Amino acid sequence: MRDRGEASPTIAGSLLLAHPGMRDPNFRRTVVLLSAHGDDGAMGLVLNRPLRKRLGDLNAEFAASPLAGVPIYQGGPVQTEQLVLAAWQPDPLEGGFKLYFGIDVEKAQALQEEAGVHLRAFLGYSGWTKGQLENELKLHTWVITPVDADLLEKEEGQGLWRVILSSLSPEWKLMAGEPDDPEVN
């Protein structure tokens with residue numbers, strides 16, 4: 001049993017891969033980058049639901065800005081009209097990456113000038129209330145995996161989910177390759 005003053009271990013900075021059996025349309029075959037996780041809940045962004053739009057398509061202000069070409073993704077089912085800007089930058093010294101989450105336009109423009117930075121915009125985000133994600137993890141709803149530095153160089157859409165899940169083990173590879181409709185198998 002945990003002491004009251006002891007914090008639970010965090011999995012912030014990890015990927016949550018939807019279990020192949022998940023049927024919830026909000027998260028079916030998704031890859032979620034968990035940006036925050038603690039005793040009060042968790043928050044992240046779905047990385048593999050591209051909306052096939054760019055920031056320049058949203059409004060005239062973005063159309064005239066250096067961020068016009070930044071791709072937009074569906075970040076999750078919470079506050080789907082809220083725009084969240086995020087950036088990743090490989091960190092060769094640490095062997096991982098730096099995550100900039102919920103940055104303002106000025107910071108995004110400054111980061112865009114730096115080498116190796118990948119910018120993405122998200123409409124909405126994924127959120128869990130206190131204890132909700134922990135309960136889902138107990139039910140094996142999610143597969144937790146570390147983030148590879150080359151994450152953004154991989155497939156788009158459900159292909160990203162398949163590639164990452166398949167890389168974990170032969171069993172996961174088999175399950176990742178199952179068709180949506182088993183009768184089509």
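Rule-based calculations on the coordinates, nothing more; no lab input. This is a predicted model, so every value here is computed, not measured. Please note: Cβ atoms are built from the backbone with ideal geometry, for glycine as well, and neighbour counts cover all protein chains shown.
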CD proxy at 222 nm, helix term only [per DSSP H run n ≥ 4: -39500 (n - 2.57); per residue of the chain; nearest 500]: -5000 deg cm²/dmol
For Kirkwood radius over Cα pairs in Å, which listed value, (i) 16.9; (ii) 18.0; (iii) 17.5, comes from the coordinates shown? (iii)
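What does the highest-first list of 41-48, 100-107 look like by mean Cβ count within 10 Å?
41-48, 100-107
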Could you pull out every one of the lysines with an alpha carbon less than 24 Å from that of Lys53, ignoring same-chain neighbours closer than 8 positions? Lys107, Lys154
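Quote the relative contact order of the range 71-169 in percent (integer), defining contacts as alpha-carbon pairs under 8 Å separated by 6+ residues. Could you put the intermediate results ahead of the total?
Numbers: 123 pairs, mean separation 32.7, N = 99.
The value is 33 percent.
Restricting to the chain, what percent of DSSP beta bridges are antiparallel, rounded to 5? Mind dumping the intermediate values first?
Working: 33 of 36 bridges.
Taking every DSSP beta bridge with both residues in the chain, the antiparallel ones total about 90 percent.
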Quick check for you: which residues of the range 25-57 have the amide N under 17 Å from the point 7 Å beyond the Cα of Thr10 toward its beta carbon? 33-45
Under 20 Å from the Ala64 label point (7 Å along Cα→beta-carbon), backbone N, the range 99-113: 105-110
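Could you tell me the relative contact order of the chain? Use alpha-carbon pairs under 8 Å, at least six residues apart, and round to a whole percent.
24
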